[in-house]
Structures are given as C-alpha cells and as structure tokens.
1. Quick one: order SER70, SER388, SER114 by neighbouring beta-carbon count within 10 Å, fewest to most.
2. Taking 8 Å as the Cα distance limit and 6 or more residues as the minimum spacing, I'd like the relative contact order of segment 1-123 as a percentage.
3. Run the reach check for LYS393 against lysines, Cα to Cα strictly under 21 Å, same-chain hits fewer than 8 apart removed. What comes back?
4. Identify all lysines with a Cα-Cα distance to LYS317 below 16 Å; exclude those on the same chain that are fewer than 8 residues away in sequence.
5. Could you list ILE93, ILE354 so that the one with the fewest beta carbons within 10 Å of its beta carbon is first and the one with the most is last?
6. How much of the DSSP beta bridge set in segment 2-203 is antiparallel, as a percent to the nearest 5?
7. Among [x] 40; [y] 35; [z] 17, find the value of percent of Cα pairs over 42 Å apart that was calculated from the structure presented, and write down its label.
8. Is it possible to state the helix-based mean residue ellipticity at 222 nm for the chain, with each DSSP H run of 4+ residues giving -39500 (n - 2.57), the sum divided by total residues, to the nearest 500 deg cm²/dmol? What is it?
Amino acid sequence: MKFGGGVLRDTTALQNFAEIVRGLEKPLVLVVSAFNNVTNELEQILKSYVSNNYDEVSEKIRLLAQKHYSIAGTSDFPDFNTYIDEIQRIINIPYHGDFDAVYDDIVSKGELMSAVVVNHFFKTQAIDNELIDIRDVIVTDSIFREANINWDETEQRTKQVFSEPKLYLTQGFIGRDSQGNSTTLGREGSDFTAAILAFCLNAASVHFWKEVRGIYNADPTKRNDFVLLPELSYREAVEQVYYGAKILHPKTIKPLQNKQIPIYVRPFGEPDFEGTRISEFPAGNQAHEPEVPVFIVKENQILISVSPKDFSFIAEKNLEKIFALLADFRVKVNLMENTAISFSVCVDNNKHKILPLTEALNSDFNVLHNSDLELVTIRHYTDSAIQSALSGKKILLRQTGRKTIRFVLAATD
C-alpha cells in the first residue's frame, strides 16, 4: 500500500491512516511519500541555498521542522532531528554547482522524515511495525533526479529485508547508488517504489491511496463533466499515463503488468470503497475500454521547431543529432512531428533543460519555439469532446489516430 503526500497532511490524516492499517492481514508493506507539500518546500530550500540566501534557508528549515513537529505532536524524537541536522550540514557547505546531486541529497529527506513521524505515531497507537530505510533496499545508478533501478540487486535485497510476515513501513521516491549517494526516482516516484517492491515480493495486489475516489476520465479540477472509471486494463492505463494522465508514476504499471499484479487506486477518505481496479483483460475485449472520452491535459508546454541551416531534408542523420541532444539533456518528448525540412517536439518547459538544449541545437539548426502551451490528448474521442477541448484555443499542431487525438494549443488573443 502506498500513501501519498496529498493525503498525509495532518494528525487527523495519521489517525485515518492508522485505522486503515489496523487489523489488516500481514505481511503488508506500507510506502509513504513526503507529507503534503514538503517536497515543494524542500525545493524552495534548495533554491534559496543555490542563491546563497542562507538566512532565508535557515528560516525555511525551521518552519519545515515545526510542520513535522505539529503533525507528530512532539519534537522529542532524535531520528527525525537527525535529518534536519543533515539538511543544515548540506547548506553549511558552499554550493558547488552539481545541482541534480544536491537536489537528491536535500529533497530525499522529505520521505525519510515522514516515515519517522508515521513510525512514531503508529507506536503511540500500538501498531507494531518495522521501519525500513528503503535506500538499503533499492539500488540505483547515479543519474540524479531520474535514477534507474538495478533490478537484480534490488530484488535480492528486497527478499532479504522483507522476509517475515509482519507490517513494514518504508519510504517511496528514493534509493541509493553504489557510491552511497541518495538518489530519487523522478517526481511522484513513490508510486514506482511500491511497484518495485510488489514486483520483487510477488505481491497479491498494490493499493494507491489518493485524495480522489479513483481514476476519472478527466481532471476534476479542470472539467465538471468527469466520471469515475471503475475498471481499466493495463494497456489503457499505460496509454493514459504515457500521454500525461496523473494516474500513477509513468514507470509504475509495467512491472506490475509483468507479474499480473492487480492495482487499486482508492480514496483515503472512503477506505471501504474499492475505487478503480487496473488489471489484465482478454485481448480485444472492448467492454473494458472507457465508454466515455478521456481528457488528458499537460500544461506549461513548449513547442520547439528545428530546421537545417542548409535547407537539407530532415532525414536520418539530422534526426540522429536531434535525438542525441534530447537524450543528453534528458528531455522527454511528449509529441513530435516532422515535415521535409523541419522537426517539431512538444516538451515540458523545464528551463534547466530547455535553455541548454536550444543552445546546443542552434549550432547545427535554426530553432524556433512557442511557449505557454497546452498539450491536450483525448482518448476514445468524439466530435463533441473535441469541440469542448478546443473552445477558446488556437491549434498549433494536431495529430489524429484511430482511438486518440492530440492537440498542441495556445490561448487565443
């Protein structure tokens, strides 16, 4: 079972957490994220540190500690204070320029702190549990912020550590490389952690506890006509996640599908409600496809268009250069299209990656871009669904398939 930061926000939430867990059959592994908004707060601490604003950093660290003390109802547990001291030690050393490595060192503390608080609270509720540092289990490479899993070593350690029929508590999102450095698995990576452990332990099922009742056909904060999808196939879930749906971390589904482990996305506030079940269905069984269009919106997009400076075709050699640079700067392509002499990609507008990428592309290509865009994907589209998604928008790019239609959109002037 994985419990995200969106539901772990205060002492009342911890009480609900305890009631869900109390009396469940063992063995059971609980994976927790950082508490609500803590990852963002740690990112702000990092930002102030990189800017050499040490007075601001110290105040933010104090507020972060106070937030956890308030949730826990005490400040008297040394294990938690150890992580606060570690953050303080990091910022006492002048910033050395390896942003991603420092990011993982600081931001990984969020999950470590939340697990200590949950462990402390469970003990006050007479819920016996063993707290495991997941960094002793999940082995990764040294690609900070998007580490890859060493599956063989991780599986071996998982089976050794989680070997008894009892309740385990551990952290999501983080691991450790062979040099002993903390690493992270990408934003929302706690979902992936639960999938890794489930795969290695041949779990009976995996449950993701969320603020919502399950998976909807649209973001409830964006549209009023959303409906709950009680069942999805692995294939449909993978398609939606690939296009940007905020169902689960993108890497979560594959290891679970490989071992046919069913997934449940369930409401934290209604523990008796099953939510959405994701599992395998017979090939070609259309009954389990959503009966309504599914809307997926990715905001803060940038459309980058490149063309050769010598007016040559966009052929294999040019594509090889472009994709090599995309890989070098770790830029994930959300949509792409090419014509005879131009190639366009729609990507997340992460300035840390996009600025150096466009500078590198400029050496061989003419580069144009449009920012402040939306990428809208409609699965199982209808004419009315398309019309509702395009209202008030200007189409910059359109791609149409049998089941999926996609648009890169700008706001109309």
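FYI, it's all coordinate maths here, none of it is from the lab. Note that the structure is predicted; figures quoted are calculated from it, not measured. Cβ: placed from backbone, ideal geometry, glycine included. Neighbour counts: every protein chain shown.
1. SER70, SER388, SER114
2. 35 percent
3. Those lysines meeting the cut-off are LYS222, LYS298.
4. Leaving aside lysines fewer than 8 places away in the same chain, those within reach of LYS317 are LYS309.
5. By the 10 Å Cβ count, ascending, the order reads ILE93, ILE354.
6. Antiparallel: roughly 30 percent of the beta bridges in segment 2-203.
7. Only one option fits the structure, namely [z].
8. For the chain, the value works out to -11500 deg cm²/dmol.
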